[in-house]
Amino acid sequence: MDFDDTPEEAAFRTRVRAWLEANATPKRSRDDRFGAGLDEAAYLAAARAWQAKKAAAGYAAIAAPREMGGLGGTPAMQVIYNQEEGRFLTPGHVFEVSLGTALPTVAMWGTSEQKAAYLEPAFRGDHIWCQLFSEPSAGSDLGNVRTRAVRDGDGWIVTGQKVWTSGAHFADYGILLARTDWDEPKSKGLTMFILDMKLPGIEVRPIRQISEESHFNEVFLSEVRLPEGARLGPEGQGWKVMLSTLMQERFSLGENFSGDLYDQIAGLARQVLWNDRPAIEDARVRAGIADAYIAQFGVDLIVRRGMSAISRGESPGPEMAAIKLIGARAFQTAGALALELGGAEGLIAAEDLGADWRLPQLFWISAPGARIAGGTDEIQKNTIAERVLGLPGEIRTDRDVPFRELEG
Ligand SMILES: Cc1cc2nc3c(=O)[nH]c(=O)nc-3n(C[C@H](O)[C@H](O)[C@H](O)COP(=O)(O)OP(=O)(O)OC[C@H]3O[C@@H](n4cnc5c(N)ncnc54)[C@H](O)[C@@H]3O)c2cc1C
């Protein structure tokens, strides 16, 4: 397996790096974050401006075809760009759903009118998108979606509730999974729509998190009227459209889980004194650091395997499920070790203990969410069991039953 860039990829990496050096500030350390102290409105404005700058340079949608406003490059080039941008201080996350999953779905399933209307403005940063799939009783199994879209003349009326919708409070549009046929089995009666988030009947309620931030929301839909032109893909094919959206997540390759976590923890363990000796002299601490190193080394190898597949023009395999399964747990256990090293001040006093402590604290706070978002640990294990190891699948008794009967 060849983990190196091809000559073309290496040339692209050099070009991207030169452009980033001319247009952004390099990170001083891995936990350096863009926009400390900016409020949400200012951060969003900065993110839109950065996206517009990337679009002007041709880097907004590298793998999208030129006729759709992209650069016409390969998925490998997009991954290379993301790796390089990760070394610079730029506003992250705001366009993650737009560029990572929503717009590729519009590009794959949209009509020519939809592509013309939505792709380029979003690549330029004019529009932000969100993903309205999960509901209070539909998460791991989106076949349980109950939000209903009912035909009304030449349009649709949508009623229901979504939850955990990242960025819905600032999104302009969303891709929405709704049930259009209750007499079909659970995965067959679904249809995907494009939702204009400013339409009457939509109420977005932010969910307050343990960190005091609100990244995701409940979204209530009360008789929201959609035109026929809002349907994304064929009626009744929403499951297929949704699967193609989730496939896109594989191309992100768990960039959030690679890095030098063990190094950070080892640095802290050298600083901290336990019984007047550096904590790193304690065998249990060294074992924790070794565990973090092993987990990250494994994650990095799986990421490289995925990158190698992308580089050959293939899709990364189901074994990519291990990246998040191992990476998010490693963040959580390493975060816990860092908190222990911080002693009584562990979680509460990053400011007092110094900047070195901020990232491990963030790991601790964000790891539980990372173990759920984009498929829980158990769902990743099911994927590995069934699709990597070839073990027998789960027994599913509801697959062919009309959804209406499951309701009772
Ligand atoms: C930070 C974050 C951001 C998110 N952003 C979005 C977003 O933008 N849009 C969106 O639509 N959703 C989003 N989600 C929701 C996310 O996709 C769901 O939370 C996730 O799919 C799990 O669904 P659930 O919460 O309904 O849990 P459930 O599916 O109810 O699962 C509950 C428990 O049962 C286990 N379980 C379920 N099924 C099985 C099974 N077959 N075998 C074994 N165990 C099982 C699960 O692992 C879990 O432990 C986000 C979630 C988080 C944490």
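Just so it is clear, none of the values below were taken in a lab; they were calculated from the coordinates. Predicted model only: the values in this text are computed from it and were never measured. Ideal geometry is used to build each Cβ from the backbone, glycine not excepted, and the neighbour counts take in all protein chains shown.
Using Cβ counts within 10 Å as a stand-in for footprinting exposure, how do Thr159, Thr101 rank, fewest first? Write out the running numbers ahead of the final one.
Details: Thr159 16, Thr101 23.
Taking fewest neighbouring Cβ atoms as first place, the list is Thr159, Thr101.
Gain in length, Asp196 to Ser315, computed as 0.36 nm per residue apart minus the alpha-carbon separation, to one decimal in nm?
Working: separation 119, 0.36 × 119 = 42.84 nm, distance 3.11 nm.
Stretched out fully, the Asp196 to Ser315 stretch lengthens by 39.7 nm.
Which entries of Lys27/Lys324; Lys27/Lys53; Lys27/Lys381; Lys115/Lys198 have Cα-Cα distances beyond 26 Å here? Before the final figure, lay out the partial values.
Details: Lys27/Lys324 24 Å; Lys27/Lys53 19 Å; Lys27/Lys381 35 Å; Lys115/Lys198 20 Å.
From Lys27/Lys324; Lys27/Lys53; Lys27/Lys381; Lys115/Lys198, over 26 Å: Lys27/Lys381.
Among Glu67, Glu9, Glu85, rank each residue by its count of other Cβ atoms within 10 Å, from fewest to most, as a rough exposure measure.
Values: Glu67 11, Glu9 17, Glu85 20.
With the sparsest Cβ surroundings first, the list reads Glu67, Glu9, Glu85.
I want the local charge near Glu319. Using Cβ-Cβ distances under 10 Å, sum +1 for each Lys or Arg and -1 for each Asp or Glu among the other residues. Provide the component values of the computation, followed by the final result.
Details: positive: Arg305, Arg387; negative: none.
Counting the neighbours of Glu319, the net charge comes to +2.
Taking the 0 to 90 degree range and rounding to the nearest ten, how far is the long axis of helix 358-370 tilted relative to the main principal axis of the chain, both from C-alpha atoms?
30
Tell me the Rg and the Dmax, in Å, that the Cα atoms of the chain produce.
According to the Cα coordinates of the chain, Rg and Dmax are 22.5, 77 Å.
Within 10 Å, count the other beta carbons around each residue, average over each peptide in 47-53, 118-124, 384-390, and list them highest first.
Working: 47-53: 18.4, 118-124: 21.0, 384-390: 13.1.
Taking the mean over residues of other Cβ atoms within 10 Å, the ranking is 118-124, 47-53, 384-390.
For helix 261-271, report the angle its Cα long axis makes with the longest principal axis of the Cα atoms of the chain; keep it between 0 and 90° and round to the nearest 10°.
Taking Cα atoms only, the helix is inclined about 30 degrees.
Of the peptides 233-240, 37-44, how do they stack up when ordered by the mean number of other Cβ atoms within 10 Å, highest first? Show your work: numbers first, answer last.
On the way: 233-240: 17.9, 37-44: 12.1.
So the order, starting with the most tightly packed, is 233-240, 37-44.
Compute the angle between helix 238-250 and the longest alpha-carbon principal axis of the chain, please, reported from 0 to 90 degrees and rounded to the nearest 10.
20
Sequence gap at least 6, Cα distance under 8 Å: using those rules, report the relative contact order of the chain to the nearest whole percent.
Values: 661 pairs, mean separation 54.6, N = 408.
Relative contact order comes out at 13 percent.
Highest first, please rank the peptides 72-80, 127-135, 147-155 by the mean number of other Cβ atoms sitting within 10 Å of their residues. Mind dumping the intermediate values first?
Details: 72-80: 20.8, 127-135: 24.8, 147-155: 14.9.
Output ranking for 72-80, 127-135, 147-155: 127-135, 72-80, 147-155.
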